[in-house]
Amino acid sequence: RDERMAWWREARFGMFIHWGVYAVPAGTHNGQAIGRIGEWIMNRGKIPVADYRAYAKQFNPVKYDADAWVRMAKDAGMKYIVITAKHHDGFALFDSKVTDWDMVDATPYGKDLIKPLAEACRKHGIKLGLYYSHAQDWGNPGGAVARKLTKEGWANPDSARIDAYTAANSGHWDPVQTTKTMSQYIDDIAVPQVKEILTNYGDIAVLWWDTPTGMTDEYAEKLNAQLALQPKIITNDRLKRPNFPGDYKTPEQRIPKLDELDGKDWETCMTMNGTWGYKSYDNNWKSTETMVRNLIDIASKGGNYLLNVGPKATGEFPEQSIKALKEIGAWMKVN
Ligand code: JFZ
């Protein structure tokens, strides 16, 4: 394990990339601004599967330049990239043979987005990790839904009728999602897709699981078994707690205090503004100074900093992210 973790323990700085169909609505659905993080728009807006799928028809990132992305990460001093191969909306950025809810079958672009990124990473000596939402899936039947209840009730702007349906149906808002069981979803989608992403793109350095809603030990075991396809892979702690602790902990949007550290490896993931997935109107950007200070704070405590970029549907990084990466890189070169 120490051997596997060696590069990661020295890396200190990586790029998180949240990219998917949600970059098309970019925080607005039917003329209404949907609150909270952009990649949750389908859930927060209770958007029916068919309506959400229509957004994929506009996902045509002709300006996507994987080599440029990797160079921006490298010039900022980052050593690895973790990208959302599939987020909670169930949409695969890669060519998946077990569903047509993927980049190749559902978009006009029609090409695998992970492949060029894997090639560019290899070329520039950057490690590639893949985020995979293994439990939550709002677009493939049988996938789980995590819900957030607030004091005001369900955290979404939709009608009381849909809220009642959602409350009665494990968080689902579209009946099509209940046509399979979670067990079927794990066997038909999650396990084969994890197999695909661990087979088709060369060395994968990290598998970044997320939100283990509804997971059983049996499901986790099936997914965990796929890791044998990449003997050197490192995983986070979100496959299923507590029996699958992974290799490192993932404090989110926060830096642990010294007295919270317990000797386990850790990585703080953080947004540059207020969202992971692109929202056109989120201008809550952190200053470059804040991000550099965070990096120093984290590095001094022995952790890694996974700093997020939420690319637009065109394939471009937001201007503010490009600027911040350049400024961080300039600081890294003199320090
Ligand atoms: C998850 C996702 O739901 C979110 O969209 C994003 O991808 C983020 C990186 O991860 O959200 C979480 C997961 C775990 C915690 C909080 C938000 N947590 O452990 O506090």
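Does Ala68 satisfy the condition of being without any contact (Cβ under 8 Å) to a residue 40 or more places away in the chain and in contact with a helix residue (DSSP H, G or I) (Cβ under 9 Å, 6 or more places away or on another chain)? It would help to see each step written out before you state the result.
On the way: without any contact (Cβ under 8 Å) to a residue 40 or more places away in the chain: yes; in contact with a helix residue (DSSP H, G or I) (Cβ under 9 Å, 6 or more places away or on another chain): yes.
Yes; evaluated as a whole, the condition is true for this residue.
Every residue, every condition in (1) under 17 Å from Gly310 (Cβ atoms); (2) among the β-branched types (Val, Ile, Thr), yes or no:
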| position | (1), (2) |
| --- | --- |
| Val49 | no, yes |
| Tyr52 | no, no |
| Gly77 | no, no |
| Ile81 | yes, yes |
| His87 | yes, no |
| Glu119 | no, no |
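Residues that are within 12 Å of Lys86 (Cβ to Cβ) and part of a loop (DSSP other than H, G, I, E, B) within the stretch 178-210 comprise just one, Asp210. The residues on offer are Val21, Val49, and the sole one that is over 18 Å from Ala118 (Cβ atoms), open to solvent by 10 Å² or more (accessible area, probe 1.4 Å) and in contact (Cβ under 8 Å) with a residue 40 or more places away in the chain is Val49.
Residues of the stretch 307-334 that are under 12 Å from Ala76 (Cα atoms) and not in a helix (DSSP H, G or I): Leu307 alone. Exactly one residue out of Asp67, Asp89 is modelled with pLDDT of 95 or more, part of a loop (DSSP other than H, G, I, E, B) and either farther than 19 Å from Leu128 by Cβ or open to solvent by 10 Å² or more (accessible area, probe 1.4 Å) (or both): that is Asp89. Can we say Val98 is open to solvent by less than 40 Å² (accessible area, probe 1.4 Å) and either modelled with pLDDT of 95 or more or within 16 Å of the ligand (Cβ to nearest atom) (or both)? Judged against the criteria, Val98 is not a match. The residues in the stretch 234-267 that are of a type in the set (Lys, Arg), within 21 Å of His134 (Cα to Cα) and in a loop (DSSP other than H, G, I, E, B) can be counted, and the count is 2.
The values are calculated or read from the model by the stated rules, or taken from the named source; none is laboratory data. Computed from a prediction, not measured in an experiment: that's the story for all the values here. Methodologically, a virtual Cβ is constructed for each residue, glycine included, from the backbone with ideal geometry; neighbour enumeration extends over all protein chains shown. Side chains are part of the model used for accessible areas, which takes the heavy atoms of the whole protein and leaves out ligands, DNA and RNA. Shrake-Rupley method; radii C 1.70, N 1.55, O 1.52, S 1.80 Å.
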